[in-house]
Structure formats: structure tokens, C-alpha cells
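Since the structure comes first, as C-alpha cells, the remarks are kept for the end.
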Amino acid sequence: MTDVESPSYVPGHGLLTGRTAVVTAAAGAGIGGATARRLLEEGARVLISDAHARRLKEHEAELAAEFGAASVAAVPCDVTDETQVRTLFETAVREHGRLDVVVNNAGLGGTAHLVDMTDDQWSRVLDVTLNGTFRCVRAALRHMKDTRGGVIVNNASVVGWRAQAGQAHYAAAKAGVMALTRCAALEAADYGVRVNAVAPSLALHPHLVKVTTPELLAELTAHEAYGRYAEPWEVANVIVFLASGYSSYMTGEVVSVSSRHP
């Protein structure tokens, strides 16, 4: 294992100029927020959403100040609520006429061993992480099939491949996201829509630091090939690649953003 510093930030290249994108769970400093910024840097119009309305509004204002109010808008959305999911995608189509890119980033973790895990803990993680992704994929495809094109990128996790104690609910949900991605890709091919997923291992952001012990973070980091965690924007770069024309023949793929593919 080597100890490598984070690379320099990569500037945008206009890969998504004129496209309309929706990103869920994009109010914070994690992968969703980083993805929204990268999409804007690549020229897309971006509709960000999140269940936390206050933080969402703050992030919208921050991005609008940098990229212009016409480039970014925000719609609160709890992905466990079908009505809110429908409203999110209807708003994107109504405001911009079409839907080109969807990044389903919403997910919920937690740590509990099976002997102690409650039905509510299991169901909550599955409902946000797997069922929420299903609702958003379904809603997106209902619009994209009419325009005969578009790209969906789901956020999975290497935990969907690999076992980790205390993560049975999260691992099951992320494995489900992988299977959903592959099945949706086969169906969406008839509409000219591509569906792929990323599977990050450890992308560090403030919320993760709050809910994870320093000991566990150190242990997880030690397993990484570079001896460091990923920056959220490094995962966002792969999402941008999957959303762009550079990946035009890729669909049904789950791309590991780490060295930890089984």
C-alpha cells in the first residue's frame, strides 16, 4: 500500500453543455454536492434536491452565486415519498423541457449488528437507499422514454460486493441498487437511455466524520490502495464520465471507484 496525496482538482471541459441534470441528496459537502458542482462546471443546468430543505436552499444560493441563477435550482424531495419524487422530475421537465441526466445519490447508512437490528432500522435504510433509487429511476424513465435518450447514474457502494460487520442493511440495499441498475439498463435500452452505477469505497465528507468513529475511519482508510480516502469530487468525476458521451457504449455497468472490486 502506498501513501499518495490527493490529486489536483480537474477543471471542467464542457462535456455536458446544454444538458439538464437532476441530482438527489445534493445539499451537503458529500458526493451529491460535489456532483452538482461538477455537472455545472461541465456546462449542465442542474436541479438539486434533498430532504433537508434549509441546507438545500443554502447550497442552491452558493452554487447560484458562482454559476448564475439560471444554471441551478432546488426542489426539496424525500425519496421515500412518491409524490415528492414525481414532483421533482416533473419540475425538471417543465422548467427545461427535457431531462438528460439523473444522478441518484440519496442513501442512508447506519451501523447495527443483526442480532440487535430492529425492523425499523432495516426498513428505513432499505426504503431510502434501494426503494428511493427505484422510485427515482422509474420516474426518470417515464420521462426519458418519450424523448428517446438520457443517462441515469446510481450511487451504489463496494459494500454491495463485500461484507462488512454491522452493515447488513446497507450492504443489502446497495447490492439491490446494483441489480436494479443492471435490470433497468436492459429495459431502458429500448428507449436509448443508459443506466450505470458507481460503487465508491470511502469518500470522506463532514457528515461521515460525524457518524463514524476515528478508529473505523482509520481502519477503512488502511484498506485503500493509495492509503487515503477519496475526495467526493473524485467520485463525481466518474459520475460525469458516465453521464457524458465518453461512455456512450456503457450501460448496466457498476464502476468501482476504488481498488476494492471483488
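The values are calculated or read from the model by the stated rules, or taken from the named source; none is laboratory data. Quantities reported herein were computed from a predicted structural model and do not represent experimental measurements. FYI the Cβ positions are ideal-geometry reconstructions off the backbone, even for glycines, and counts take in every protein chain you see. Heads up: the accessible areas ignore ligands, DNA and RNA and are worked out on the full protein's heavy atoms, side chains in. Shrake-Rupley method; radii C 1.70, N 1.55, O 1.52, S 1.80 Å.
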* Out of residues 5 or more away from Val102 or on other chains, whose amide H comes under 5 Å of its own, with H placed 1.01 Å from N in the peptide plane? -> Val22, Val151, Ile152, Val153
* When every alpha-carbon pair in the chain is counted, what percent end up more than 24 Å apart? -> 44
* **Value of [θ]222 nm, deg cm²/dmol, for the chain, DSSP H segments ≥ 4, -39500 (n - 2.57) each, nearest 500** => -13500 deg cm²/dmol
* Structure fact -> Given a Förster distance of 41 Å, the FRET efficiency implied by the Cβ-Cβ spacing of Arg124 and His13, rounded to the nearest 0.05, works out to 0.55
* Asked: Which value, in Å², gives the accessible area per residue of the chain when a 1.4 Å probe is used on the protein heavy atoms?
  -> 47
* Leaving ligands, DNA and RNA out of it, report the carbon-plus-sulfur percent of the accessible area of region 1-95 at a 1.4 Å probe. => 51
* With charges only on Cβ, +1 for K and R and -1 for D and E, what is the dipole size of region 67-140 about its Cα centre, in debye, rounded to 20? -> 340
* **Antiparallel content of DSSP bridges confined to region 29-184, in %, to 5** => 0
* Rounded, prolate or oblate: pick one for region 85-217, where a ≥ b ≥ c are the square roots of the eigenvalues of its C-alpha gyration tensor, a/c under 1.5 means rounded, and failing that, prolate if a/b is larger than b/c, else oblate. => prolate
* Structure fact -> Any GluC sites (Glu not before Pro) in region 1-48 that lie in a DSSP loop and have at most 13 other Cβ atoms within 10 Å would be Glu5
